[in-house]
Amino acid sequence: MQKKSRIILNPVNEKYIGRQPVTERNKTISHVSRLVDFKNQPMLIRAFAKVHQKYPEYDLKIYGGDSYDGTKEILEACIREHSLEKSVHLVGASDNLPEAIESTAFFAFTSDWEGLPNALMEAMALGLPVIATDCPCGGPKTIIRHGSNGHLIPVKNEHALVEAMYYLIEHPEDANALGT
């Protein structure tokens, strides 16, 4: 059976493909996924708090619907704990994600485990530089070649996330090359 089987990857919605390349990026870091425990958005907020100390002109926008498992409340508490109420925005679900994220500085994906994430593929289709955790089952590693079209970091490694974020901010030419 396995010899006759083929892996069929998730499709990317055509609204993310063939768009005009962005020539200038804003100082927003984007993240798209449901607000749910295994997406590990608290790590993203904590890492962003460190980045924001060095680069206060940056903000973080987290797009995605509430899963009603208490994660949204955890994220709101994390935002308050780090005094980031003006810099971290829980935007909620959006019907115009391509327009909302295509000009952002980069896309950060922090799941503890994941299949093949549509949000990550859509960000890459838009030409965004991406940082993603190298999480099991290996979805991000399937589509990211570290240093060539994105950055892979170890799962739950906040320090590696901070360093990757610093790198993309401090090396915009390299960030653009990753997105391209």
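On a 29 Å Cα-Cα criterion, which of the cross-link pairs Lys86/Lys156; Lys15/Lys61; Lys4/Lys141; Lys3/Lys156; Lys15/Lys54; Lys3/Lys39 come out too long?
Working: Lys86/Lys156 25 Å; Lys15/Lys61 21 Å; Lys4/Lys141 24 Å; Lys3/Lys156 35 Å; Lys15/Lys54 35 Å; Lys3/Lys39 33 Å.
Result: Lys3/Lys156; Lys15/Lys54; Lys3/Lys39 exceed 29 Å.
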Please report, as a whole percent, how much of the solvent-accessible surface of the chain comes from carbon and sulfur atoms (probe radius 1.4 Å). 51
Out of Gly138, Gly127, Gly18, any idea which swings most in a Gaussian network model of the chain, alpha carbons joined below 10 Å? Gly18
Dipole axis of the chain (+1 Lys, Arg; -1 Asp, Glu on Cβ), positive-most option in Leu168, Leu178, Ile62: Leu178
So, counting K/R as plus one and D/E as minus one, what does the shell of residues with Cβ under 12 Å around Gly64 add up to? +3
Starting at 0 and stepping by 5 Å, how many percent of the alpha carbon pairs of the chain end up in each bin? 1, 8, 18, 22, 22, 15, 8, 3, 1, 1, 0
Find me the longest stretch of the chain that has none of the exposed trypsin sites (Lys or Arg not before Pro), where exposed means in a DSSP loop (not H, G, I, E or B) with at most 11 other Cβ atoms within 10 Å. 7-85
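The values are calculated or read from the model by the stated rules, or taken from the named source; none is laboratory data. Model, not experiment: these values are computed from the prediction. Cβ sites come from the backbone with ideal geometry, for glycine too, and all protein chains shown count toward neighbours. Ligands, DNA and RNA are stripped out before the accessible areas are found, and what is left, the full protein with its side chains, is counted by its heavy atoms. Shrake-Rupley method; radii C 1.70, N 1.55, O 1.52, S 1.80 Å.
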